[in-house]
Amino acid sequence: MSERGEGRNKISVRIIIWLVVGGLFLILVGPMVWARWQINRFGLQWVRAWTDSTLFPGSGACSSNMNAITDQVRLYLQRAKGSDSLAALHRGVLACLQRDLQQAGQVWRSGATQSRDPVLSLFAAVATLAQMPGRTVETPYAAGLGKYGYHRCIDYDEQGDVATAVRWCEFSLAYAPNKTTADKLASLYKERGGEPKAQDAWELLQKKVAPDSSDHWWAAAKIAEIEQDWTTAATAYHRAARLAEGADSFDAFKGYLREGQMWLRAKEFALAAVAYRSALALYPDKVEAYLGIGEVYRAQRRYTWAVNWYKRAQRA
């Protein structure tokens with residue numbers, strides 16, 4: 001046999017060997033890969049199916065039409081054994097598929113304390129909110145959970161589903177308390193129950209943040225504003241602005257603007273002017289502070305001065 005023929009035979013043998021090895025690999029690993037893909041697909045469906053009343057699986061999650069993948073998930077877990085880095089997530093998925101939602105929540109919560117997987121933290125957080133209202137889970141992804149909840153709140157509000165939007169904003173505020181989420185929640189509460197209900201959102205924020213934080217005093221100002229206590233509101237906005245100056249100058253700017261508005265309502269014109277000038281010193285290129293000072297003079301019927309400041313606003 002020629003050297004060329006022997007070379008071709010060697011190549012053919014190698015191809016056959018690789019085909020056999022590849023076939024065995026697919027036979028052994030293929031079902032696990034398929035099961036893992038099914039689990040991930042289930043996870044996306046499950047997240048989208050949380051209900052407005054509990055945020056825990058309702059009719060659209062862990063439903064009978066998912067029974068087909070239960071055996072695949074069980075087989076995946078059996079084969080993976082100790083090599084599955086997301087075993088807690090997947091065991092919880094299996095419990096959910098078996099309609100044992102309590103067990104699913106327990107497994108996810110337990111796993112979240114030992115794993116840094118964000119999906120596991122998300123599942124554990126929602127299960128906790130549903131099964132133990134008022135409780136949260138310790139997680140390094142609290143900020144991410146808060147952002148996720150806030151965006152879902154906005155989505156549901158845009159769809160006109162206020163009840164679900166409220167639940168997601170409450171979820172967001174539990175993990176990442178801030179005045180942006182509290183303001184959204186307050187507007188949703190107000191839509192459902194008026195100003196007294198809106199105040200609940202700001203009181204909730206106050207409980208969640210440090211008393212020496214800007215957001216704490218912003219919440220205090222909002223509560224005083226709802227109660228029409230303009231002096232207390234102005235003082236609280238001033239403290240919020242001062243505390244924000246080092247970290248977020250634009251938050252400070254907004255705080256001084258709100259302080260000026262409160263002093264105007266209290267007819268404390270000199271204090272209102274000071275507040276607006278503090279805002280102006282931070283952002284001299286923005287019109288709001290110029291307009292605010294103009295309003296101070298207009299409220300005192302000093303119209304010439306008011307017009308001058310309105311003109312300065314036009315040039316800003």
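The values are calculated or read from the model by the stated rules, or taken from the named source; none is laboratory data. Because the structure is a prediction, the values reported are computed rather than measured. Every residue, glycine among them, receives a Cβ derived from its backbone with ideal geometry; neighbour counts consider all protein chains shown.
Before moving on, here are some points about what is shown:
Each row is one residue, and each column tells you yes or no for (1) crowded, with 19+ Cβ neighbours inside 10 Å; (2) closer than 29 Å to V209 by Cβ.
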position: R74; (1), (2): no, no
position: G105; (1), (2): yes, yes
position: T113; (1), (2): no, yes
position: L122; (1), (2): yes, yes
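- Scope segment 171-188; condition surrounded by fewer than 24 Cβ atoms within 10 Å (Cβ to Cβ) and of a type in the set (G, A, S); matching residues: A174, A176, S187
- Counted as qualifying within segment 49-131 are the helices (runs of 4 or more DSSP H) with 3 or more residues that are at pLDDT 80 or above, namely 87-97, 101-112, 118-131.
- Candidates L291, L271 - the one that is over 30 Å from P211 (Cβ atoms), of a type in the set (A, V, I, L, M) and not assigned by TED's automatic domain parsing to the domain that holds A182: L291
- Matching residues in segment 228-260 - criterion: being assigned to a loop (DSSP other than H, G, I, E, B) and either free of Cβ contacts under 8 Å to residues at least 24 places away in the same chain or touching a helix residue (DSSP H, G or I) at 6+ places or on another chain (Cβ under 6 Å) (or both): Q228, D229, E245, G246
- Matching residues in segment 280-313 - criterion: being without any contact (Cβ under 8 Å) to a residue 24 or more places away in the chain, part of a helix (DSSP H, G or I) and farther than 22 Å from F250 by Cβ: Y297, R298, Y303, T304, W305, A306, V307, N308, Y310, K311
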